[in-house]
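Take a look at the structure set out below.
The values are calculated or read from the model by the stated rules, or taken from the named source; none is laboratory data. Keep in mind that this is a model prediction, so the values were computed, not measured. All Cβ positions, even for glycine, are placed from backbone atoms using ideal geometry, and neighbour counts span all protein chains on display.
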Amino acid sequence: MTKTRNRRKQTLSFSERLQRAATAAREAAARLPIGPERDGLLKKAMQAETAAHINELLSAPVATAAVRRDLDHSPSTA
């Protein structure tokens, strides 16, 4: 028997969802005292911001062509 996936129409773009996650994590971290839980939230915020930035770079039409060109001409390690 196969499971059915929960399908849901996203109302916000991927980058907007990442930015909101980063903001929520930073706001939650601001309410906590210094410690590992706060550090974890700040790390999560930085990861979401980094993911949004990478998504932006890869979504740009000119950058996409340049990345593909660089990948096609990169030396293989095989």
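Which ones in the range 1-36 are part of a helix (DSSP H, G or I) and either surrounded by fewer than 12 Cβ atoms within 10 Å (Cβ to Cβ) or in contact with a strand residue (DSSP E or B) (Cβ under 8 Å, 6 or more places away or on another chain) (or both)?
Of the residues in the range 1-36, the ones part of a helix (DSSP H, G or I) are 14-30, 36.
Result: Glu27, Ala30, Pro36.
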For this session: Return yes or no: is Glu27 modelled with pLDDT of 95 or more and over 20 Å from the mean Cα position of the chain (by Cα)?
Result: no
